[in-house]
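Read the figures in this text as sums done on the coordinates, not as results from a lab. From a predicted model like this one, the values you see are computed outputs, not experimental measurements. Quick reminder, even Gly has a Cβ in these numbers, built from the backbone with ideal geometry, and neighbours come from all protein chains shown.
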Amino acid sequence: MRFWLEYIPVWLVAQTLRWLPRPAARRAALGVAVLFYWLHPRLRRVGMRNLELAFPEKTAAERERILKGVYRSLGRLLAEIPKFPDYKLETVEAIAVYDGLENYLAARDRGKGVLFMTAHLGGWEIGSFVHSMHGHWLNIVVRGLDNPMLDRWVRNLRTLHGNKTHDKDEYARGLIGAMKRGETVGALMDTNMTPPQGVFVDYFGVPACTAGGIAKVAMRTGAAVLPAFTIWDEKLGKYRIRFEPAIATVCTGDDAADTVSNTQNYTAAIERAVRENPDQWLWVHRRWKTRPEGEPGLY
């Protein structure tokens with residue numbers, strides 16, 4: 001019964017947003033996002049704490065403006081996801097355009113697989129979906145939603161054009177096989193981890209426990225690791241699916257040290273993208289929850 005009570009309101013909101021014209025859907029979704037901002041003070045506190053850690057030089061008012069921008073960004077994304085079944089290849093350019101597609105094509109053509117290193121930034125769900133519409137399906141490593149009905153609905157949307165979803169706890173071993181087959185894998189690398197899956201690297205100058213698996217796979221297979229972000233461009237009035245040049249893999253023979261070095265390089269690419277678009281990153285996640293041994297908690 002609880003799952004139904006959670007699912008039905010979400011489904012009704014989604015169907016309403018799907019059939020509204022895009023400007024009206026964005027306004028409605030923004031209203032939902034603003035409502036969440038005021039109804040969840042704990043998330044606001046987490047967001048402000050994270051912004052304090054990342055931008056100590058900014059005033060409280062500046063951090064609050066960034067945090068409110070995050071909810072506007074989430075509102076834009078919320079307005080688009082229910083419309084995925086109605087996206088058409090001939091019109092999708094009105095929603096999202098490529099920026100750096102040549103970087104992806106060059107990495108793909110190497111034949112050793114491609115690892116998209118991405119983050120909860122801008123329209124992350126839109127980027128992978130639109131990329132699959134252009135015939136470039138990918139394996140998406142996800143954490144399943146707690147509500148199985150919502151999880152099934154979201155997975156169905158993500159896979160409408162060939163994408164495949166894989167639970168992160170079950171797919172780690174499959175990464176190497178995917179690279180050997182020359183496939184593309186998308187993984188979000190901006191969430192808090194715990195050892196031994198995570199290694200500590202600097203993120204905004206603060207040690208952050210970060211997934212080291214992407215680095216290990218790249219070191220073992222020679223796969224290309226591309227920073228890939230879907231950023232809202234206010235001037236264009238649409239998203240830019242940005243593929244940056246592949247990050248060179250450090251291989252000195254010291255696997256432990258190389259894992260940290262490569263993971264640091266990936267995290268630095270995420271930080272650069274977030275610094276450019278601070279009001280589009282998910283600051284309400286406790287990114288620095290896991291601390292090095294002996295350090296006090298930050299929340």
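For the reader, a short list of remarks on this structure follows.
- Gap separating the Cα centres of segment 267-291 and segment 197-263, nearest whole Å: 13
- The charge dipole of segment 2-280, taken about the Cα centre with unit charges on the Cβ atoms of Lys, Arg (+1) and Asp, Glu (-1), comes to about 700 debye, rounded to the nearest 20.
- For the set K83/K238; K88/K112; K68/K168; K58/K238, the pairs lying more than 19 angstrom apart at their alpha carbons are K88/K112; K68/K168; K58/K238.
- Kirkwood hydrodynamic radius of segment 103-150, from inverse mean 1/r over distinct Cα pairs, in Å: 12.7
- The per residue volume of the convex hull around the alpha-carbon atoms of the chain is 142 Å³.
- Per-pair calculated FRET efficiency, R0 = 45 Å: K235 and R155 via Cβ, rounded to 0.05: 0.85
- Of the DSSP H helices in the chain, those with a Cα length along their own long axis of 18 Å or more and a mean Kyte-Doolittle hydropathy reaching 0.0 comprise 2-19, 22-39.
- Segment 160-181 residues near the modelled Q197 label - backbone nitrogen below 12 Å, point 7 Å along Cα→Cβ: 167-173
- With a simple spin-label model that places each label point 7 Å from the Cα along the Cα-to-Cβ direction, the separation between F55 and R18 comes to 3.7 nm.
- Of interest is the spacing of the C-alpha centroids, which for segment 27-83 and segment 123-140 amounts to 25 Å.
- Exposed GluC sites (Glu not before Pro) absent: longest stretch of the chain, with sites in DSSP loops and at most 12 other Cβ within 10 Å deemed exposed: 91-233
- With R₀ fixed at 25 Å, the C-beta to C-beta distance from K164 to V10 puts the FRET efficiency at about 0.60.
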